[in-house]
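Visitor: Have a look at this one.
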Amino acid sequence: MEKRTSLFENGLIWFGAGVSIAEILTGTYFAALGFGRGLAAILVGHVIGCIMLFLAGVIGGKTRKSAMETVKDSFGSHGGQLFAILNVLQLVGWTAIMIYDGALAAEGIFTVGHWVWCLVIGALIIVWILIGITNLGKVNTVAMAALFILTLILFKIIFFDGTVVTSITDETFSFGAAVELAVAMPLSWLPLISDYTREAKEPVKATAVSTVVYGVVSCFMYLVGMGAALFTGESDIAQIMVKAGLGIAGLLIIVFSTVTTTFLDAYSAGISSETVVSKWNGKHVAIVVTVIGTIAAIVYPMDNITDFLYLIGSVFAPMIAIQIADFFLLKRDKSSLAVHIPNLIIWVIGFVVYRILMNIDMPLGNTLPDMVITIVICLIVGKFVS
C-alpha cells in the first residue's frame, strides 16, 4: 500500500518551497514602495495567491489525483494534456532559474566558477529526487531546521543591525503591480500542490497546513529581500551574507534552499509528464528536467524573472478559475471527454483578459479580477452548455 504523508511532512515540503533565493530576490523589488506599502503589497498578494493555492490543493486532495490529472476534469483528457505540457515547460524554466540564482549567489560567497555551482546544485537535486518524496523525512527535517535558523540570523542582521541607507522610490512600480508580483509566486506553485496533497492521510488538513506554511515563509522571504534593499542598500543577497560574516553558513542557506525548492519543480515536472505520456517514469523525467535546467542555467543569463512570473499567471490563473467553477460550483466532471471546447475557449478569453489587465493599474493586481471574470463566464456558459 502507498505510504501516506503526514501533516508535518506536508508542512516541511512547503516550508522548503518557501525558503528560496528567488523569493528573496523578488522581494527586493518591493523596496521601491517603502517599507509600509511594500509590506502591505506582500501580504495582500500572498492572501490572494494562497487562497487559489488552497483551492487547487483541495481539488487534488479530495480526488486523490495529481495536479495535471485534476485539470482533465475540466478540460477533457487531451485538454488536460495541453496544460500538462505547459506545466512541464514552466517547471523546466523554474528549474533553470532556481539553479542559476542559487549558483550566482553561491559564487558571490565562494568563487570557483558559476558553472561549477550549477553542477553542484544540479547534482544535489538529483540526489533529492532519487531519495524520493516519502523517504526524505529525516533528511528534510535536518535541512529545514538548519535553513530556518540561518534565515532568522539573516533577518536579524538585515532588520536589527542595519540602518535605512536608501529610500528607493520608483514611480513606475505601482502598488497594484507589487501585489501582482506577490500573487505570482504562490500562483506558480498552483499546478504542483496536488502532486503532494493527493498523498496525504488527511488531504484537506494537509492542504491547509501546506498553504499556511508556504504563505508565511514566502512572505518572510519577500520581507528579507525588501529589508535587504532598504536597510543594507544591497539587492545581492550573497554580498549581504558576506558583509554579515555569514560565509559558510550563508553558502549553506543558498545551496540547500535552492535544492529543496527546485527539487519540487523537477519532481512535479516528472509527475506532469506522466499525464502526457503514461508510459514515462516520473522520476526519470525529473532527472532529465534537472539536467536540462542545469545546462540552461550555465548557458543563459536569467537575471530578471518578472516577465516569466506574469506569463505563468496569465496561463494558470484562468485555468484554476475554471477548475474552481467546475469542482466547487457546477460540480461537473469532463474527464470522459477528449476535449471540452467551451472551457478551452473560456481559458483563452481568460488568458487574453489577463494580458489586457496587465496594462491597467488596479489596487489588487490583475489576477483576482481576471479569475472573477473567468468564473462568471464559466457559470453563465455552464447554465447553457451541458
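Visitor: If you check Ile99 against the conditions, is it surrounded by 24 or more Cβ atoms within 10 Å (Cβ to Cβ) and over 17 Å from the mean Cα position of the chain (by Cα)?
Guide: Details: surrounded by 24 or more Cβ atoms within 10 Å (Cβ to Cβ): yes; over 17 Å from the mean Cα position of the chain (by Cα): no.
Judged against the criteria, Ile99 is not a match.
Visitor: Here is a follow-up. Please go through region 1-57 and pick out each residue that is within 12 Å of the chain's Cα centre (by Cα) and among the acidic types (Asp, Glu).
Guide: Glu23
Visitor: Which one is surrounded by the fewest Cβ atoms within 10 Å (Cβ to Cβ) among residues in region 61-81 that are under 14 Å from Phe316 (Cβ atoms) and more than 16 Å from the chain's Cα centre (by Cα)?
Guide: Residues of region 61-81 under 14 Å from Phe316 (Cβ atoms): 67-68, 70-71, 74-75, 80.
Next, only the ones that are more than 16 Å from the chain's Cα centre (by Cα) stay: 70-71, 74-75, 80.
Numbers: Thr70: 28, Val71: 32, Ser74: 30, Phe75: 27, Gly80: 23.
So the residue we want is Gly80.
Visitor: Moving on. Out of all the residues in region 1-57, which are in a helix (DSSP H, G or I), of a type in the set (S, T, N, Q) and within 23 Å of Thr70 (Cβ to Cβ)? Please lay out each step first, then the result.
Guide: Step one: filter region 1-57 for residues in a helix (DSSP H, G or I), giving 7-18, 21-33, 35-57.
From the residues that got through so far, the ones that are of a type in the set (S, T, N, Q) too are 10, 26, 28.
Within region 1-57, just Asn10 meets the criteria.
Visitor: Same structure again: Between Ser174, Ser210, which is buried (at least 24 other Cβ atoms within 10 Å of the Cβ) and among the hydroxyl-bearing types (Ser, Thr, Tyr)?
Guide: Values: Ser174 fails: buried (at least 24 other Cβ atoms within 10 Å of the Cβ).
After ruling out the rest, the residue left standing is Ser210.
Visitor: Just wondering, is there one or more residues in region 261-274 that are over 15 Å from Leu89 (Cβ atoms), of a type in the set (Ser, Thr, Tyr) and open to solvent by less than 10 Å² (accessible area, probe 1.4 Å)?
Guide: Of the residues in region 261-274, the ones over 15 Å from Leu89 (Cβ atoms) are 261-264, 267, 274.
Applying the additional criterion that residues be of a type in the set (Ser, Thr, Tyr) yields 261-262, 267.
With open to solvent by less than 10 Å² (accessible area, probe 1.4 Å) added as a condition, the list becomes 261-262.
So far as region 261-274 goes, yes, one or more of its residues are over 15 Å from Leu89 (Cβ atoms), of a type in the set (Ser, Thr, Tyr) and open to solvent by less than 10 Å² (accessible area, probe 1.4 Å).
Visitor: One residue is enough: does region 153-164 have a residue meeting the conditions without any contact (Cβ under 8 Å) to a residue 60 or more places away in the chain, in a helix (DSSP H, G or I) and either open to solvent by 10 Å² or more (accessible area, probe 1.4 Å) or in contact with a strand residue (DSSP E or B) (Cβ under 9 Å, 6 or more places away or on another chain) (or both)?
Guide: Taking region 153-164 and keeping what is without any contact (Cβ under 8 Å) to a residue 60 or more places away in the chain, we get 156, 160.
If we keep only those that are in a helix (DSSP H, G or I) too, we end up with 156, 160.
Then keep just the ones that are either open to solvent by 10 Å² or more (accessible area, probe 1.4 Å) or in contact with a strand residue (DSSP E or B) (Cβ under 9 Å, 6 or more places away or on another chain) (or both); that gives 156, 160.
Within region 153-164, one or more residues are without any contact (Cβ under 8 Å) to a residue 60 or more places away in the chain, in a helix (DSSP H, G or I) and either open to solvent by 10 Å² or more (accessible area, probe 1.4 Å) or in contact with a strand residue (DSSP E or B) (Cβ under 9 Å, 6 or more places away or on another chain) (or both).
Visitor: Determine which member of the set Ile85, Ile59, Ile24, Ile48 is under 20 Å from Asn304 (Cβ atoms) and β-branched (Val, Ile, Thr). Outline the logic, then answer.
Guide: Values: Ile85 fails: under 20 Å from Asn304 (Cβ atoms); Ile59 fails: under 20 Å from Asn304 (Cβ atoms); Ile48 fails: under 20 Å from Asn304 (Cβ atoms).
None of the others qualify; the one that does is Ile24.
Visitor: Among (1) more than 30 Å from Glu107 (Cβ to Cβ); (2) open to solvent by 10 Å² or more (accessible area, probe 1.4 Å); (3) assigned to a helix (DSSP H, G or I); (4) not hydroxyl-bearing (Ser, Thr, Tyr), where does Asp195 come up short?
Guide: Of (1) more than 30 Å from Glu107 (Cβ to Cβ); (2) open to solvent by 10 Å² or more (accessible area, probe 1.4 Å); (3) assigned to a helix (DSSP H, G or I); (4) not hydroxyl-bearing (Ser, Thr, Tyr), only one is false for Asp195: (2).
Visitor: Any idea which of Ser210, Ser235, Ser272 is over 16 Å from Ile24 (Cα atoms) and either outside any helix (DSSP H, G or I) or at pLDDT 90 or above (or both)?
Guide: Working: Ser235 fails: over 16 Å from Ile24 (Cα atoms); Ser272 fails: either outside any helix (DSSP H, G or I) or at pLDDT 90 or above (or both).
Within the list Ser210, Ser235, Ser272, the selection yields Ser210.
Visitor: I'd like to verify a number: residues in region 357-378 that are closer than 13 Å to Val179 by Cβ, open to solvent by 50 Å² or more (accessible area, probe 1.4 Å) and in a helix (DSSP H, G or I), how many?
Guide: 1
Visitor: Would region 335-347 turn up any residue that is among the β-branched types (Val, Ile, Thr) and closer than 21 Å to Ile48 by Cβ?
Guide: There is at least one residue in region 335-347 that is among the β-branched types (Val, Ile, Thr) and closer than 21 Å to Ile48 by Cβ.
Visitor: May I ask you to list pairs of residues, at least six apart or on different chains, whose Cβ atoms are under 9 Å apart, with the first in region 105-126 being in contact (Cβ under 8 Å) with a residue 60 or more places away in the chain and among the acidic types (Asp, Glu) and the second being part of a helix (DSSP H, G or I) and crowded, with 24+ Cβ neighbours inside 10 Å?
Guide: Glu107/Trp117
Visitor: Taking the condition in contact with a helix residue (DSSP H, G or I) (Cβ under 6 Å, 6 or more places away or on another chain), open to solvent by less than 10 Å² (accessible area, probe 1.4 Å) and closer than 17 Å to Ile21 by Cα, does Gly57 pass?
Guide: Working: in contact with a helix residue (DSSP H, G or I) (Cβ under 6 Å, 6 or more places away or on another chain): yes; open to solvent by less than 10 Å² (accessible area, probe 1.4 Å): yes; closer than 17 Å to Ile21 by Cα: no.
Against the criterion (in contact with a helix residue (DSSP H, G or I) (Cβ under 6 Å, 6 or more places away or on another chain), open to solvent by less than 10 Å² (accessible area, probe 1.4 Å) and closer than 17 Å to Ile21 by Cα), Gly57 does not qualify.
Visitor: Of all residues being of a type outside the set (Gly, Ala, Ser) and surrounded by fewer than 20 Cβ atoms within 10 Å (Cβ to Cβ) in region 335-350, which is nearest to Gln81 (Cα to Cα)? Just the residue, please. Give the steps one after another, and end with the answer.
Guide: From region 335-350, those of a type outside the set (Gly, Ala, Ser) are 337, 339-349; that's our starting set.
Subsequent filtering for residues that are surrounded by fewer than 20 Cβ atoms within 10 Å (Cβ to Cβ) retains 337, 339, 341-342, 344-345, 348-349.
Details: Leu337: 12, Val339: 10, Ile341: 14, Pro342: 16, Leu344: 12, Ile345: 16, Val348: 16, Ile349: 19 Å.
This residue is Val339.
Visitor: Search region 224-244 for residues that are on the phi > 0 side of the Ramachandran plot and pair each with any residue that is open to solvent by 40 Å² or more (accessible area, probe 1.4 Å) and outside any helix (DSSP H, G or I) when their beta-carbon atoms are under 6 Å apart and the residues are at least 6 apart or on different chains.
Guide: Gly233/Val165
Visitor: Out of the residues in region 83-93 meeting the condition of being out of contact with any Phe, Trp or Tyr (no Cβ under 7 Å at 6 or more places or on another chain), within 30 Å of Phe328 (Cα to Cα) and not small (Gly, Ala, Ser), tell me which one is surrounded by the fewest Cβ atoms within 10 Å (Cβ to Cβ). Walk me through how you get there before you give the answer.
Guide: So in region 83-93, the residues out of contact with any Phe, Trp or Tyr (no Cβ under 7 Å at 6 or more places or on another chain) come out as 84-92.
Those left that are additionally within 30 Å of Phe328 (Cα to Cα): 84-91.
Adding the requirement that they be not small (Gly, Ala, Ser) leaves 85-91.
Numbers: Ile85: 15, Leu86: 18, Asn87: 27, Val88: 22, Leu89: 13, Gln90: 21, Leu91: 27.
Among those residues, the one meeting the criterion is Leu89.
Visitor: What residue, among those in region 275-293 that are part of a helix (DSSP H, G or I) and of a type in the set (Ser, Thr, Tyr), is surrounded by the fewest Cβ atoms within 10 Å (Cβ to Cβ)?
Guide: Within region 275-293, the first condition is being part of a helix (DSSP H, G or I), and the residues that meet it are 275-276, 282-293.
Subsequent filtering for residues that are of a type in the set (Ser, Thr, Tyr) retains 275, 290.
Working: Thr275: 25, Thr290: 29.
Residue satisfying both the conditions and the ranking: Thr275.
The values are calculated or read from the model by the stated rules, or taken from the named source; none is laboratory data. No experiment lies behind these values; they were computed from the predicted model shown. Neighbour counts run over all protein chains shown; Cβ positions are idealised from the backbone, glycine included. Note: accessible area is taken over every heavy atom of the protein model, side chains too, but ligands, DNA and RNA are not part of it. Shrake-Rupley method; radii C 1.70, N 1.55, O 1.52, S 1.80 Å.
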